[in-house]
Amino acid sequence: MLSEKVANIPPFYVMEVLERAQQLEEQGRSIIHLEIGEPDFPTATHICDAAKAAMCAGNTKYTHSQGLAELRQAIAKNYKDKFNVDISPEQIIISSGTSPAMLLLFLALINPEDEVIMSNPHYACYPNFVTTVGGVPNFIYTNEENGFMLQAKEVAAHINPRTKAILINSPSNPTGQVLPDATLRELAEAAGEVPIISDEIYQGLVYEGEDHTILEYTENAFVLNGFSKLYAMTGWRLGYLIAPKEHVRTLQKIQQNLFISTNAFVQYAGIAALEGPQEQIMEMVETYNKRRVYLIGRLRDIGFEIKTEPKGAYYVLADARKFGEDSLELSRKILEDIGVAIAPGIDFGQGAEGHLRFSYANSLENIKEGMDRLEVYLK
Ligand SMILES: Cc1ncc(COP(=O)(O)O)c(C=O)c1O
């Protein structure tokens, strides 16, 4: 009865692990959560206050379909201040999270059988977005030695008449890798006429190397970004799409029809996030970095292989083949036996099979407890 496009959509395994972990918690089990990519920090008070004030001031109506002009100006200014790129607020569409922006974009771009080039491993949901709108993911299996990073040469070799876009994600989920300046430049060159879709949701969460936007290298790009990660605002559902000027009108019409507009007072919270004090954000970034260093060390001691250290986001994708080839089964057993929830590599594509993804968006204390349990169990 259901459409063929979605009848076989795979689950988002990270969510399945989380939901099973929560079920076990309800039964009284102690669970250490290293599966979910969700900051453990509360949203900063000034951001919450801005939402409250906006709500109480009557900002509870639809907004412009592209979002509040003030928020779009703040986003454009943020890109200018951080990366010295000029984008116009007219190029921005505010959405209820990066995920809806992704849907909007793929709906706009993809005809049946059109291809989107992406790395494998990749963020779990990318291929499902593409197939849901009738497209086909064209995977490039990336190399563990260089942190599973896309290489321009291979991208060029994969471009064909059906290629609609090249999807990149830096800092990356699940690998935590950050594409360096030279690679981004080469990718932009290799793409030629094909637009790059750059998912920049982990922007700001860079501990080694430099933070970049694809817009420093090409204007032929669509940028996906949002407030979930850096600003610890996952549940607020606030994201955006930056598009080349000539495509905005079409995207706007899809937005008007499908979503009308994004929650008004949440958009005011977004303005406060960008324009308010940044100290708390900087502290979070420092804390993530301490956890990253600790987690990598412990995982290596236990016997996981990490060929290239992750430099951004808050994930470590570790080779777990020493303990089991089937990542789903391994993560299931670890959860059931010792109550440590970890994402199975297979969620992120065949290229991450045999791996487990550890999220360090949890306290050092919990990470330590999780590692202690794993050490005893696996050794
Ligand atoms: C790479 C990547 N893109 C997009 C998203 C979705 O973000 P949002 O909460 O803004 O929908 C996530 C969430 O984990 C992600 O890891």
With labels modelled as points extended 7 Å from the Cα through the Cβ direction, what inter-label distance (nm, one decimal) is found for Glu275 paired with Arg29?
4.8
What lysines sit close enough to Lys61 to cross-link, taking a C-alpha to C-alpha distance under 17 Å and skipping anything fewer than 8 places away on the same chain?
Lys52
For peptides 204-217, 243-256, sequence by mean Cβ density within 10 Å, most packed first:
204-217, 243-256
For Ile32, which sequence-distant residues (separation of 5 or more, or a different chain) have an amide H within less than 5 Å of its own amide H, given hydrogens modelled in the peptide plane?
Val340, Ala341
Can you give the accessible area per residue of the chain, in Å², using a 1.4 Å probe?
42
A chain fully extended from Glu189 to Lys307 at 0.36 nm per residue, minus the present Cα-Cα distance, gains in nm 39.7 nm
Are there trypsin sites (Lys or Arg not before Pro) in the range 89-192 that DSSP marks as loop and that have at most 16 other Cβ atoms within 10 Å, and which are they?
Arg162
In nm, give the distance between the simple-model label positions of Thr250 and Asn128, each being 7 Å from the Cα along the Cα-to-Cβ direction.
2.6
Going through Lys153/Lys311; Lys307/Lys379; Lys5/Lys164; Lys153/Lys229; Lys153/Lys245; Lys5/Lys229 one by one, the pairs whose alpha carbons sit over 27 Å apart turn out to be Lys153/Lys229; Lys153/Lys245; Lys5/Lys229
Of the beta bridges DSSP finds with both residues in the range 99-237, what % are antiparallel, to the nearest 5?
0
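Of the listed peptides 367-374, 59-66, what is their order by residue-averaged count of other C-beta atoms within 10 Å, with the highest listed first?
Going from most to least packed, we get 367-374, 59-66.
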For a quick check of understanding: with a 1.4 angstrom probe and all protein chains in place, what accessible area in square angstrom does Asp326 have, to the nearest ten?
80
Binning at 5 Å from 0, report for the range 45-275 what percent of all alpha-carbon pair distances ends up in each bin.
1, 7, 14, 19, 20, 17, 11, 6, 3, 1, 0, 0
Rounded to the nearest 0.05, what FRET efficiency is calculated for Glu283 and Lys61 with R0 set to 45 Å and r the Cβ-Cβ distance?
0.80
Cut-off under 5 Å, modelled amide H: who pairs with Ala232 long-range:
none
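For Lys153 and Ser88, calculate 0.36 nm times their separation in residues minus their Cα-Cα distance, and state this gained length in nm to one decimal. Mind showing how you got there, number by number?
On the way: separation 65, 0.36 × 65 = 23.40 nm, distance 3.20 nm.
Answer, rounded to one decimal: 20.2 nm.
For Glu16, Glu286, Glu4, give the ranking by accessible area with the largest first, probe 1.4 Å.
I get Glu4, Glu286, Glu16, largest accessible area first.
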One would report the antiparallel percent of DSSP beta bridges in the chain, rounded to the nearest 5, as 45
Compare the peptides 68-78, 228-238 by average per-residue count of other Cβ atoms within 10 angstrom and give them in order, highest first.
228-238, 68-78
In whole Hz, the Karplus estimates of ³J(HN,Hα) for the range 122-132 (6.51, -1.76, 1.60; θ = phi - 60°; x where Gly or Pro) are 8, 4, 3, 7, 3, x, 6, 4, 5, 6, 4
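The values are calculated or read from the model by the stated rules, or taken from the named source; none is laboratory data. Everything numeric here is computed off the predicted structure, so don't read it as measured data. Neighbour counts are summed over all protein chains in view; Cβ atoms, including those assigned to glycine, are modelled from backbone coordinates with ideal geometry. We work out accessible area using only protein heavy atoms, side chains counted, and drop any ligands, DNA or RNA first. Shrake-Rupley method; radii C 1.70, N 1.55, O 1.52, S 1.80 Å.
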